[in-house]
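To start, the structure under review is shown below, and the notes come after it.
Any read-out appearing in this document is the output of simple, stated calculations on the displayed coordinates, not a laboratory observation. Only a predicted model underlies this, so the values are computations on that prediction, with no experimental measurement involved. So basically every Cβ, Gly included, is an ideal-geometry build from the backbone, and we count neighbours across all protein chains shown.
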């Protein structure tokens, strides 16, 4: 049995090691707020002492001089037409001075970080923003974009997660009911059906963000409920891997090996969970945390590990399979597309991930449609976090003000 297991591992690892990515740019991009009321969201309050801290690694160890600027966005993600001086105080080109090289690691990288506001520079308006990181020599080429939001808390948003109205959805999905209360707001909301935009998001998954339809208004209370747009897939608890230890296998890891002077982690083979009974499991709702066991400074002492994912699925030439999570912004691209290996009759993917704890899921692209439930299943019992963002652009206004942010958990009553 040991010989068969070794042969299987050999057939699996060798092609994946050969296919490991080399041109991988930036990794471990994270943004945190000092305001813990917003949890893991990169949101700060306007005209407060809140700060957003951004960190990332240059995996090519290029010793670059980097700057960042702040860009105001519309709710559809496009850049706002307002001049920088109208929404940013101070010069909007800021050097990133906090950088360091990896220490005593087998893969070299440069770690960068910065906090905003800083040095008299701040934003003047609430809304959706992004940090644009660039080299001074090529300011028009954005190397990395990191979104964040600035809120002026003017309204209260109450979220209820409940069993869907439709009978056919009750075992599979979760429905939201949202009330926005502006009765104590100093902002007078006009034409709410057109100017008030309320968005919902599941588990910080940017691909689930949707505009909610207003059902009715009572005075200064706005009700969003009883529409199909309020219903989300229940999905399943996240799969996860624990890369914090490097000398032994953590959760979800079959084995860790040192190959060609690089750490490699083989995940436990996975299968589709569609139509399988729901099983409660602890996760971090799609997030990831950077941490190296036994290290004082994981920012520069954590290793980058070649993580080999395995999905035991019958070969389908018309389908594409992906590994998704917050670590790759939930996107389905060539970088996280799995490849079928005939020798082991499974789909595989190698991703370089920094030591830490990661939640992830599988997604399938078929007939031009991306589906997560076909790989993960759908369960009404699943624990999910939901976020609501309340934007308002007054008639004739030039930007979208963020008046409120709220969070709810499907287990909370």
The stretch 214-279 pair-distance distribution - Cα-Cα, 5 Å bins, rounded %: 3, 12, 14, 11, 9, 9, 8, 8, 7, 7, 5, 4, 1, 0
The stretch 49-97: C-alpha gyration tensor shape, a/c 1.5 cut-off, then a/b vs b/c: prolate
√(5λ) per eigenvalue of the Cα gyration tensor, the chain, largest first, Å: 38, 30, 17
Cα shape, the stretch 79-167, gyration tensor, a/c 1.5 rule: oblate
For the chain, calculated [θ]222 nm from helices alone, where every DSSP H run of n ≥ 4 adds -39500 (n - 2.57): -2000 deg cm²/dmol
Cα-based shape type of the stretch 157-285, given that a ≥ b ≥ c are square roots of the gyration tensor eigenvalues and the cut on a/c is 1.5: prolate
Centre separation in Å (Cα based) which lies between the stretch 116-154 and the stretch 333-406: 24
Choice from 308, 111, 280 showing the highest fluctuation, given a GNM over the chain with Cα pairs closer than 10 Å: 280
Ellipsoid semi-axes in whole angstrom, largest first, where each is sqrt(5λ) of the Cα gyration tensor of the stretch 117-199: 36, 22, 11
C-alpha long axis of helix 2-18 to longest principal axis of the chain, angle in °: 60
Pairwise centroid distance, computed over Cα atoms, of the stretch 244-321 with the stretch 169-226, Å: 36
Packing rank of 123-129, 282-288, where each peptide gets the mean count of other beta carbons within 10 Å, highest leading: 123-129, 282-288
